[in-house]
Structures are given as C-alpha cells and as structure tokens.
Amino acid sequence: MDSKYDRLESEPRQKENPRKSANVFSILFFCWVREILAIGQKRPLENDDLFPLLDEDKTQTSTEKLNQTWNEETIAASNKTGNGHRLLKVLFRAFPFSDYVFILSIGLLPAVCNVLQPVFLSLLLPELMNSYMSYIQDSSWAYVYASGICMSSFLRAISVHQFGYHSQLMALRWKSATIGIVYKKVRELLNQD
C-alpha cells in the first residue's frame, strides 16, 4: 500500500540540495551549508530558504526501506520459531552496512588521535632537549613530531564533527522511518474498521 505525504505549502522552487554537488573539501569542512548560514545570519530563515532533502534522507524513502526489510523479516521469522521480530535488527538491515562502518570508523578516529598526541609529544620533548643541549645536532625530527601533533589535532577535529553529523543523520533516518511505518500500520488498522 503506497502512502502519500503532504508537502508544506510553499512556492515552487528550483533549489537543489548543495550537498548533492559538493566536492570532498566542501563535505569535510561543511562549506555546502555556507549559503543558508549567510541567510540565517541576516534574517530568520523561512521555508523557502531551506533546500530540499536528498532522496536518501526523505521520510518516504526511509519508510519504504524499513517496510521492505520488515516484510522480509516477517517472512523469515514465520519459518523459524523464536521470540518475535526485532525492530533494532530490522533498522540496522534497512540501511547500507557501509554507512555504519563509516560512522564507526570516524567515531574511533578521535580516540586514535587522542592516543597519538601524547606519543608525538613524548618523542618531541627529548628531541628538543637534545637539540637545546648541542647546537650541532640536527633537529629535523622535532619538526616531524610537531607536525604529527598538529595533524592528529586536525584529524580529530574533522572526525568529531563528521561523526556527529553522520550519526545524527542516521538517527533521523531511523526515527523518520519508524514513525512512517507506525503511521502506515495505524492507517491500515483504521481502514480495516
């Protein structure tokens, strides 16, 4: 049974989501939201200022994926004996596994960077002490270790923000899909009466 979603009342617009055509640099540093932030700085945002959602972020798309996965789980569960369906399992299966791996990997990257910073610092300090004691010794490794500290701080900052964005986006997909499927089931029950 297909569900139709009502759109908010607004003027027809020709806007496109800027993330759709954003390059890697723009995605990493969230430059693709620059336009809407500039408008929001000047005045309160209105419905026409917002850009449309990407297809994979729409409630209808998420609900259809979850409904299809739920139906597959129902068929598989009817062949087995068990203690019922598992919504969390179905939610995990409804979206690509690569999304979860990406979120997990960028979630672990800040921890790795937090470990690397003191390691680089413990290597840098003796190098600085040695170069201070003897003016002749080459201190090029000090620059390498200092660069390691800077790079791990930089990677940590980027990965924390990307993790926050992608994990919250996945949570919104789960939420909208769950609300959509519950709405659909309630509507089916009301239509039976």
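The values are calculated or read from the model by the stated rules, or taken from the named source; none is laboratory data. Nothing here was measured: the structure is a model prediction, and the numbers come from that model. All Cβ positions, even for glycine, are placed from backbone atoms using ideal geometry, and neighbour counts span all protein chains on display. Surface accessibility is based on the protein's heavy atoms, side chains included, excluding ligands, DNA and RNA. Shrake-Rupley method; radii C 1.70, N 1.55, O 1.52, S 1.80 Å.
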Q | Carbon and sulfur %, accessible surface of the chain computed with the full protein complex present, 1.4 Å | A | 63 percent
Q: Could you work out the relative contact order of the chain, using alpha carbon pairs under 8 angstrom and six or more residues apart, expressed as a whole percent?
A: 26 percent
(Q) Keeping all protein chains in place and using 1.4 angstrom, which order do Trp141, Trp70, Trp32 fall into by accessible surface area, from largest down? (A) Trp141, Trp70, Trp32
**Q.** Only Lys, Arg (+1) and Asp, Glu (-1) charged, at Cβ; the chain dipole about Cα centre in debye
**A.** 360 debye
Q. Counting each DSSP H run of 4 or more residues in the chain as -39500 (n - 2.57), what helix-only mean residue ellipticity at 222 nm follows after dividing by all residues, to the nearest 500 deg cm²/dmol?
A. -24000 deg cm²/dmol
Q) Ignoring ligands, DNA and RNA, how do His166, His161 rank by accessible area with a 1.4 Å probe, largest first? A) His161, His166
